[in-house]
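See below for the structure under consideration.
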Amino acid sequence: MLVNPPIAGLCYYGCMLSGFTRERIDANGISINVVRGGAGPAVLLLHGYPQTHVMWHRVAPALAEGFTVVCPDLRGYGDSAKPSGGGDHLGYSKRVMAMDQVEVMNALGFERFARHRARSRRARRPPHGA
């Protein structure tokens with residue numbers, strides 16, 4: 001596990017996710033970028049398409065007051081590895097991507113955790129013509 005300090009000159013880590021650490025965790029044969037902070041029971045926040053872990057920048061600090069908040073970039077997104085999906089695209093199936101996150105949480109020492117998944121923006125739009 002590699003822990004990266006905040007990047008000088010880049011407000012992202014100093015301003016948006018102050019107090020969080022950035023790590024690269026080997027999971028399911030690839031490198032997953034993770035930002036985490038806080039202490040307490042673990043909460044895994046999963047971004048939607050086409051976002052990255054940055055989408056949680058307003059929610060994560062508040063949750064970190066009572067929880068250990070883990071915000072990864074899913075495989076193929078942000079700073080996580082972008083392996084080939086293969087001819088059948090199974091490398092990016094929900095099952096494979098879920099296993100990535102289970103391995104990330106296990107590597108961080110969490111066997112049990114709550115998770116929240118962002119819903120797509122499309123799902124929040126009213127039906128056409130409404």
Can you tell me which of (1) surrounded by fewer than 18 Cβ atoms within 10 Å (Cβ to Cβ); (2) within 26 Å of E111 (Cβ to Cβ); (3) touching a residue at least 40 places away in the same chain (Cβ under 8 Å) is the one K94 doesn't meet?
(3)
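Taking the stretch 39-80 only, how many residues are of a type in the set (A, V, I, L, M) and within 10 Å of the chain's Cα centre (by Cα)?
Residues that pass the stated criteria total 8.
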Counted residues in the stretch 1-54 being at pLDDT below 65 and surrounded by fewer than 18 Cβ atoms within 10 Å (Cβ to Cβ) come to 13
Does the stretch 87-107 include one or more residues that are of a type in the set (K, R), assigned to a helix (DSSP H, G or I) and at pLDDT 90 or above?
yes
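The rows are residues; the columns are (1) more than 23 Å from T21 (Cβ to Cβ); (2) touching a Gly at 6+ places or on another chain (Cβ under 6 Å); (3) free of Cβ contacts under 8 Å to residues at least 60 places away in the same chain; (4) among the aliphatic types (A, V, I, L, M).
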position	(1), (2), (3), (4)
G37	no, yes, yes, no
P50	yes, no, yes, no
R58	no, no, yes, no
P61	no, no, yes, no
A64	no, yes, yes, yes
D73	no, no, yes, no
D88	yes, no, yes, no
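The values are calculated or read from the model by the stated rules, or taken from the named source; none is laboratory data. Note that the structure is predicted; figures quoted are calculated from it, not measured. Here the Cβ is made from the backbone with ideal geometry for all residues, glycine too, and neighbour counts use every protein chain on show.
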